[in-house]
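Presented below is the structure to which this report refers.
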Amino acid sequence: MKVSKKSDYALRALVTLAENYGSHLSIRVLSQENDIPKRFLEQIMLDLKNAHFVEGIPGRDGGYILSKPPSEISVGNLIRFFDGMIAPIGCVSQLHYESCSQEKKCKFRRIFLEIRNYSARLMDKLTLADLIKFSPVTEMEVLDSQYNFGGGI
């Protein structure tokens, strides 16, 4: 599964709003702090507002604020909102199922179903409140030697 730029940028903005919960932040601040193109972020924030993830504060000093506490906004809901599915392949997706001629005899479909189920459970359980507690991932973690043969992971 690869998350779209829209989901990536939306998560960045929402995490920043969660870190500043109770305060509103301008598009300019959200854009600068998260290295997101301002025009793209404007569209994302409108989408998030229409989906009730955030509320808009009008005016010159306006901006956006979370519409619910960070503990009530799950990563899974956000990813599904922008990307539609969490499944790595279409034949194991519930919402965007794509049939395959090999379904009845496929030997690797099960692992993708397990990956889908694990990912969905993890992301549905994970909230913005959880994310703001995490420390950034280090380069050493990404390049961990136990995954040496997993180039492209």
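The values are calculated or read from the model by the stated rules, or taken from the named source; none is laboratory data. Quick caveat: nothing in here was measured; it's all calculated off a predicted structure. Using ideal geometry, Cβ is built from the backbone for each residue, glycine included, and neighbour counts are taken over all protein chains shown.
Going through (1) in contact (Cβ under 8 Å) with a residue 24 or more places away in the chain; (2) within 21 Å of G22 (Cβ to Cβ); (3) of a type outside the set (S, T, N, Q) one by one, G56 falls short only on (1).
On the given criteria, is E103 in contact (Cβ under 8 Å) with a residue 12 or more places away in the chain, surrounded by fewer than 14 Cβ atoms within 10 Å (Cβ to Cβ) and farther than 28 Å from P136 by Cβ? So E103 passes the test.
Regarding the range 23-35, can at least one residue be identified that is assigned to a helix (DSSP H, G or I), closer than 24 Å to P136 by Cβ, touching a residue at least 24 places away in the same chain (Cβ under 8 Å) and of a type in the set (S, T, N, Q)? Yes: one or more hits.
So is S71 polar (S, T, N, Q), part of a loop (DSSP other than H, G, I, E, B), within 19 Å of T16 (Cα to Cα) and modelled with pLDDT of 90 or more or not? No; evaluated as a whole, the condition is false for this residue. In the range 43-62 there is at least one residue matching the filter, namely being among the aromatic types (F, W, Y) and more than 27 Å from F112 (Cβ to Cβ). You will find that of I111, I79, I86, the residue that is part of a helix (DSSP H, G or I), surrounded by 10 or more Cβ atoms within 10 Å (Cβ to Cβ), within 15 Å of the chain's Cα centre (by Cα) and β-branched (V, I, T) is I79 and no other. The residues on offer are Y97, Y64, and the sole one that is part of a loop (DSSP other than H, G, I, E, B) and either under 30 Å from R28 (Cβ atoms) or touching a Cys at 6+ places or on another chain (Cβ under 9 Å) (or both) is Y97. Considering only the range 8-25, I want to know if a residue exists there that is over 30 Å from K107 (Cα atoms), surrounded by 16 or more Cβ atoms within 10 Å (Cβ to Cβ), out of contact with any Gly (no Cβ under 7 Å at 6 or more places or on another chain) and basic (K, R). Yes, the range 8-25 has at least one match.
Can you tell me which residues in the range 1-22 are under 12 Å from the mean Cα position of the chain (by Cα) and outside any loop (DSSP other than H, G, I, E, B)?
Scanning the range 1-22 gives K5, K6, S7, D8, Y9, A10, L11, R12, A13, L14, V15.
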